[in-house]
Amino acid sequence: MEENPPWDAWHPLEVAERLADVALPWCVVAGWALDLLRGHKTREHEDLEIAVPVGRFDVIRAALADFEFEVVGSGRRWPLDSPAFNVMTQTWVRDPDNGVYRLDIFREPHEGNTWICRREESIRLPYDQIILTSTEGVPYLVPEIVLLFKAKHDRPKDHADFAAILPLLDPTQRAWLAAALARVHPGHCWISDLRGPG
């Protein structure tokens, strides 16, 4: 894969508009989800990521029929009809007019209307418990699950996101994230902060 593929990501509002008629539980994830929670943009975002149930990905594909899709993973890209589709979870959406990437779609495991964590399948929740909606109508993933996925990385932006969001989590969210981290990333440095006072 080229080192810096061309990205000019859509804003979450634009994705929400393009998917307005899609009747399935999709949501903005990662850093943008945390900014939607806070109600304003706190930093630049290199891309825009959403999550959709893998079994209903064809609905998203149809809604964005004017765009090209590529399976992405392990530093490579494949055509959508590649066997990699069943191995990798990421899909990039590209504008055919200029070759620029607009959206990163995570195809998430699920059973019916129950979300399954792709890193620990015993962690499961109904979709109606994990998706919030911004004041502007954009669906986004609850912060405790966003942080669970961010915990895999040791990047300054992820630690900064955790520090900024921690005061916004209620005791139930803190307890859930601490327990989930203990299962997915035992000994993670955030666990003690989540279990501490506050």
Checklist entry - Under a point spin-label approximation (7 Å from Cα along Cα-to-Cβ), what is the VAL22-VAL87 distance to one decimal in nm? => result 2.5
Item to check | the stretch 1-64: GluC sites (Glu not before Pro) falling in loop per DSSP and having at most 13 other Cβ within 10 Å | outcome: GLU2, GLU3, GLU44, GLU46
Checklist entry - Per 5 Å bin from zero, what fraction in whole % of the C-alpha pairs of the chain is there, up to the bin with the longest pair? => result 1, 7, 15, 20, 20, 18, 11, 5, 2, 0, 0
Checklist outcome for this item: Each label sits 7 Å from Cα toward the beta-carbon; between ASP8 and ARG195 the label points are separated, in nm, by 4.9
Checklist entry - Amide H to amide H, which residues 5 or more places from TRP7 or on other chains are under 5 Å from it, using H placed in the peptide plane? => result TYR101
Checklist entry - Kirkwood hydrodynamic radius (Cα pairs, Å) of the stretch 82-198? => result 16.1
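Rounded to the nearest 500 deg cm²/dmol, what is the calculated helix-only ellipticity per residue at 222 nm for the chain, with -39500 (n - 2.57) per DSSP H run of length n ≥ 4?
Here the helix-only value at 222 nm equals -9000 deg cm²/dmol.
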Item to check | GluC sites (Glu not before Pro) within the stretch 88-176: DSSP coil, no more than 10 neighbouring Cβ in 10 Å | outcome: GLU121, GLU136
Checklist entry - Among the trypsin sites (Lys or Arg not before Pro) within the stretch 1-84, which fall in a DSSP loop and have no more than 14 other Cβ atoms within 10 Å of their own Cβ? => result LYS41, ARG43
Item to check | For the stretch 30-128, average projected area of the Cα convex hull in nm² | outcome: 7.7
Next on the checklist: Quick check: pseudo-label points 7 Å beyond the Cα along Cα→Cβ at ALA164 and ALA182, how many nm apart are they?
Outcome noted: 2.9
Checklist entry - Build a GNM of the chain with springs between Cα atoms under 10 Å: which of ASP81, ASP104, ASP95 gets the top mean-square fluctuation? => result ASP81
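Let me check against my output: what whole-number percent is the relative contact order of the chain, with C-alpha pairs under 8 Å and at least 6 apart?
Values: 293 pairs, mean separation 42.0, N = 198.
Averaging sequence separation for qualifying contacts and normalising by length gives 21 percent for the chain.
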Item to check | FRET efficiency for ASP154 and GLU68, using Cβ-Cβ distance with R0 set to 22 Å, rounded to 0.05 | outcome: 0.10
Checklist entry - When only C-alpha pairs under 8 Å and at least 6 residues apart count, what is the relative contact order of the stretch 107-198, in percent? => result 19
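FYI, it's all coordinate maths here, none of it is from the lab. If you're wondering where the values come from, they're calculated on a predicted model, not measured in any experiment. Every residue, glycine as well, gets a Cβ built from its backbone with ideal geometry; the counts of neighbours run over all protein chains shown.
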